[in-house]
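For reference, the structure is listed below as structure tokens.
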Amino acid sequence: MTDTSLETSLVKILGGRTASAIEKAFGYTSVAQLLSHYPRRYASKGELTALAHLPKGETVTIVAEVRDVRERSMRNKRGSIFEVKITDGTGILTLTFFNQSWRAKELHVGTRAIFSGKVSEYRGSYQLTHPMYELFDDHETDADNKASRFVDTPIPIYPATGTVTSWSLQRSIKLIFESLPSDLTTIPDPVPLQVRLEESMLTHGQALKQIHQPQATGEWEAARDALRFQEAFLLQTALLERRAALAQQAATPRPPREGGILQRFDSQLSFTLTDDQRAVGQQITDDLSGSHPMNRLVQGEVGSGKTLVALRAMLQVAESGGQAALLAPTEVLASQHLRSIVRTLGPDLAAELAPVLITGQIGAAERKRAMLAVASGGSRIVIGTHALMSDKMQFFDLGLVVVDEQHRFGVEQREALRAKAQTAPHTVVLTATPIPRTVAMTVFGDLDVSTIRQLPAGRAGITSHVVPLADKPGWINRAWVRVSEELQQGRQAFVVCPAISPPEESAPITQLPELEAGAEVLAESAEEAQGEVKVKLATVEETLAMLHEHPLFVDTPIAGLHGAMPGEEKDATMQAFAAGEIKLLVATTVIEVGVDVPNASTMVVLNADRFGVSQLHQLRGRVGRGSVPGLCLFVTEAPAATTARERVDAVASTLDGFELAQVDLELRREGDVLGTSQAGGKSSLKLLRVVRDSAIIEHARSLAQSVLDEDPTLAGHGFLREAIDSRLDDETREFLGKS
């Protein structure tokens, strides 16, 4: 009986050369890892790339038959060109090999093979130069049976590289199955038997066999369904385990006191909290009063008052002498938070709680004084950026960590701050990017989620319009007229650019301008800018110069703001804008979150198609924050019916952030759910997609909870325990431990 298992090294089965190539290409070293490299699609002869519709410049995989073979000498130098014409029944394609006459022994008229290469054009005809190919099995004598097998049997097409082709992966996986036990039901199955029977699922071994070597379409579809459910089940079990573990940690209870700081603060508020703010506030009050750490995600619309809810939590912690740290992604936002909190607290409470600001840009003497106040307990509210996580930063009694715009921080950064507490601190994570329920369940499945939908009373609202320069180039002039009209009424405006400065004149034409650090310029759009659609990105420097010379703004106080400016200059510019001294602010995405200037009525977003849906929604939230009606103009050169234009149109069509979050997720990938990557990056999920598979995720979570209710430690589910431990490598486990 074979001793090959899922843990067996690839070297043992494939040999050092092949195993090394696979490890270099994909990082796989074991049988289990390679078998989790699922085909990206399946095809038969008629379903592969048709020769009549070849995409120029792309790598294609085709099944075809050799029609003609000839060799000729090169005209201008020694050597020969070996040309092969192939057909798939729909067209003719030329294969070109230089100085490789020996290929005539393999490629002769009538030979059938799978060919792969990059499509190029030569003298009006498409060709593949030095393509890779895999001949059909020559040991099969019946040509009709040979052709039938490749027409009727699904051909797995794998994600491949230039050194590890799809068919080489197919051969390697074939060797693995030949080495595994013939009875694949003996392969350990992480899904408990009872669950698998209830769901009428294939075993793990059967699913692996059918997804890699299906004999019919229905086989790989059933295998995909089983493996997709398994992925959801493992993920949800891991998250629910983490949730249970968090509930067992000890934390210092921080209950409110009668007549205490929180009650005094509430009594002096000049406005009424919304119903949602009160409801979420009560949830947080109850959490802080408990003996286990709160781990709560508060999501809400732009301008819904999440920061006020977080401030009330800080005050409740301060009543017991504890400290609260608010971690902000930018200095502009941190400074804005400090001013807003001091103003909201009023002089008496501000003096009592002594809020301080700690960033990397403040002077050494000022930072030393602030850090001393925090270490001694004299300051009970601490606001800062990454500087809060420095080794020198010490807290007297850190009881609450508030992370604003959590997606702007890495997991390790957030944990570095939490680790400064003597006992597990309570944690509130804020996000103004609403998260669809399934995403929250998948990415934040170990957190309690609270939602604030209502906006404070008295907001005048925002009107949004697309300025489509591809169709109406003259509309840009009208946009500047509208800005001027708003300024004449005593209001203020933002102009947002995706870049800081233009590229150097000597730089290649494909080089993009200097982007704002952390700017979310989409890769798709960047590629467009470097390809046939060469749209110049607006920069702060050039836009400032243009507006200074524009006849509509000759007497207008204008300034620029971006992340590359010194901290003091950024803060001074923002304060001048808030005070009304600057009327028109040209900025990058540094003003995306937290900036609150009620008199700012208008925003023009240049190259709006260069930003994501959620980022456009965040930017728009900087206007319409007071009694002054908001106006947002999304300027784009993206043609109608393109994905880039769809993003802009979607944001302009609604102010509902939850609806836009769903659109955003459908247009983009979910990112690495079980790792440190952010959204839009490579996903660690193999088959599961949080939008498409929402029903599967919810069902899997319910079943996972039932299993854990009966067996909290999974002592009776050894294969499930092993699968989770294997799936969650050290980095992933650390990630879940810090979330």
If I ignore ligands, DNA and RNA and count only protein heavy atoms, how much of T643 is accessible to a 1.4 Å probe, in Å² to the nearest 10? 60 Å²
Just to confirm my numbers, what's the Cα centroid distance between the range 594-629 and the range 189-210 in Å? 50 Å
Counting other Cβ atoms within 10 Å, which chymotrypsin sites (Phe, Trp or Tyr not before Pro) in the range 196-293 have at most 13 and lie in a DSSP loop? F271
Candidate cut points under trypsin sites (Lys or Arg not before Pro) in the range 95-140, DSSP loop plus at most 16 other Cβ atoms within 10 Å of their own Cβ, are R123
Picking from I22, V119, L51, whose Cα lies most toward the positive end of the charge dipole for the range 6-127 (charges on Cβ: Lys, Arg +1; Asp, Glu -1)? V119
At a Förster radius of 45 Å, what calculated FRET efficiency corresponds to the Cβ-Cβ distance of T129 and S702, to the nearest 0.05? 0.25
Expected-Rg normalisation [2.2 N^0.38 Å, Cα atoms] applied to the range 253-380: 1.07
Pairs of alpha carbons in the range 1-115 whose separation is greater than 26 Å (percent): 48 percent
Would you kindly calculate the mean projected area, averaged across all directions, of the convex hull enclosing the Cα atoms of the range 228-300, in square nanometres? 6.9 nm²
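What does the convex hull of the Cα atoms of the range 73-142 come to per residue, in Å³, rounded to a whole number?
On the way: hull volume 7.1 nm³, N = 70.
Residue-normalised Cα hull volume stands at 102 Å³.
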May I ask you to order 700-707, 647-654, 298-305 by the average number of other C-beta atoms within 10 Å around their residues, highest value first? 298-305, 647-654, 700-707
Taking the Cα-to-Cβ direction at S101 and at R369 and moving 7 Å from each Cα, how far apart do the two end points lie in nm? 8.8 nm
For S726 and T217, calculate 0.36 nm times their separation in residues minus their Cα-Cα distance, and state this gained length in nm to one decimal. 180.2 nm
A365: net charge of surrounding residues, Cβ under 15 Å, Lys/Arg +1, Asp/Glu -1, itself excluded? +2
Per the 1/(1 + (r/R0)^6) rule, R0 = 45 Å and r from the Cβ atoms of K24 and S120, FRET efficiency to 0.05 is 0.95
Computed over the range 559-659, the convex hull of the Cα set has an average projected area, in nm², of 6.8 nm²
Are any of the pairs K85/K105; K368/K420; K420/K570; K368/K570 more than 27 Å apart by Cα-Cα distance, and if so, which? K420/K570
State to the nearest 20 debye the size of the charge dipole of the range 158-300 about its Cα centre, where the only charges are +1 on K and R beta carbons and -1 on D and E beta carbons. 440 debye
With the Cα gyration tensor of the range 145-242 in hand, give its eigenvalues times 5 under a square root as the equivalent ellipsoid semi-axes, listed largest first in whole angstrom. 28, 16, 14
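The values are calculated or read from the model by the stated rules, or taken from the named source; none is laboratory data. Keep in mind that this is a model prediction, so the values were computed, not measured. Every residue, glycine as well, gets a Cβ built from its backbone with ideal geometry; the counts of neighbours run over all protein chains shown. Side chains included, ligands, DNA and RNA excluded: accessible areas come from the protein's heavy atoms. Shrake-Rupley method; radii C 1.70, N 1.55, O 1.52, S 1.80 Å.
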